[in-house]
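One structure is given below, encoded as structure tokens.
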Amino acid sequence: QESPSDYQLEQNYPNPFNPQTEIKYHIPKGGLVLLEVFNALGEKVQTLVDRIQEKGDYLVNWDGTNVQGESVANGMYFYRLNTNDYIRTNKMLLLK
């Protein structure tokens, strides 16, 4: 059981998803937060969060599009939460 003082990156919901999914995370202290989506080749397809955030709970939606706004292909994707002292990556599956 992780306490509220810990970083948390929850499994996206729904998973598999189409056309969009939500990602919840908790940060125990403020700072720069980077939440990015990568494809199975490790290429970045989207940046969901790149800003200073206060401590707390957050929910971000990803609509299955890349940086150019185009829909991405079916398959496995990875989302990574990156802060000054925490990195966590989870998998998600897009099925159209």
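The values are calculated or read from the model by the stated rules, or taken from the named source; none is laboratory data. Since we're looking at a predicted model, the values are computed, not measured. For neighbour counting, all protein chains shown are included, and Cβ atoms are generated from backbone atoms with ideal geometry for every residue, glycine included. Heavy atoms of the whole protein, side chains included, go into the accessibility calculation; ligands, DNA and RNA do not. Shrake-Rupley method; radii C 1.70, N 1.55, O 1.52, S 1.80 Å.
Data for the structure
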quantity	calculated
Residue that is farther than 14 Å from Leu81 by Cβ and acidic (Asp, Glu), where the choices are Glu10, Glu36, Glu54	Glu54
All positions within the stretch 1-23 that are of a type in the set (S, T, N, Q), open to solvent by less than 60 Å² (accessible area, probe 1.4 Å), under 24 Å from Ser71 (Cα atoms) and not in a strand (DSSP E or B)	Asn12
Residue satisfying all of: in the stretch 24-38; open to solvent by 30 Å² or more (accessible area, probe 1.4 Å) and either without any contact (Cβ under 8 Å) to a residue 40 or more places away in the chain or more than 26 Å from Glu70 (Cβ to Cβ) (or both); nearest to the chain's Cα centre (by Cα) among these	Lys24
Selected residue (criterion: surrounded by the fewest Cβ atoms within 10 Å (Cβ to Cβ)) from residues of the stretch 46-79 that are among the β-branched types (Val, Ile, Thr) and under 19 Å from Leu9 (Cα atoms)	Ile52
Matching option when the condition is at pLDDT below 95 and hydroxyl-bearing (Ser, Thr, Tyr), among Ser71, Ser5	Ser5
Condition met for Leu81 (more than 9 Å from the chain's Cα centre (by Cα) and of a type in the set (A, V, I, L, M, F, W, C))	no
Residue count for the stretch 60-84, restricted to those that are farther than 13 Å from Thr21 by Cα and either outside any strand (DSSP E or B) or in contact with a helix residue (DSSP H, G or I) (Cβ under 7 Å, 6 or more places away or on another chain) (or both)	9
